[in-house]
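What follows is one structure encoded as structure tokens, with my remarks underneath.
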Amino acid sequence: MKKGIHPENYRPVVFKDMSNGDMFLTKSTAKTNDTVEFEGETYPVVKVEISSTSHPFYTGKSKLVDTAGRVDKFMSRYGKAAKK
């Protein structure tokens with residue numbers, strides 16, 4: 001790796017998937033005040049809502065999120081036309 005091309009705060013950071021608890025270690029400049037113990041060492045932690053271990057594209061499991069019955073409303077209007 002070339003010297004002097006990375007910022008001063010380029011360091012090992014743990015990213016934690018909050019939906020399933022998986023963690024992985026990589027280098028980053030992301031700012032955080034939280035820390036976590038990972039593989040016997042303490043690292044700064046960045047909490048993310050979704051990662052490759054929980055994203056439907058990578059896991060092959062899709063989730064249908066229904067907000068206020070919008071899917072049911074759509075199906076009642078257009079579901080009959082699609083079945084023909």
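Before moving on, here are some points about what is shown:
- Taking the criterion of being modelled with pLDDT of 80 or more and either in a helix (DSSP H, G or I) or loosely packed, with under 10 Cβ neighbours inside 10 Å (or both), the residues of region 34-73 that qualify are 39, 40, 49.
- Screening region 1-33 for residues that are small (Gly, Ala, Ser) and not in a strand (DSSP E or B) and picking the one that is surrounded by the fewest Cβ atoms within 10 Å (Cβ to Cβ) gives 4.
The values are calculated or read from the model by the stated rules, or taken from the named source; none is laboratory data. These numbers come from a predicted model, not from an experiment. When we count neighbours, we look across all protein chains shown, and the Cβ atoms used for this are built from the backbone with ideal geometry, even at glycine.
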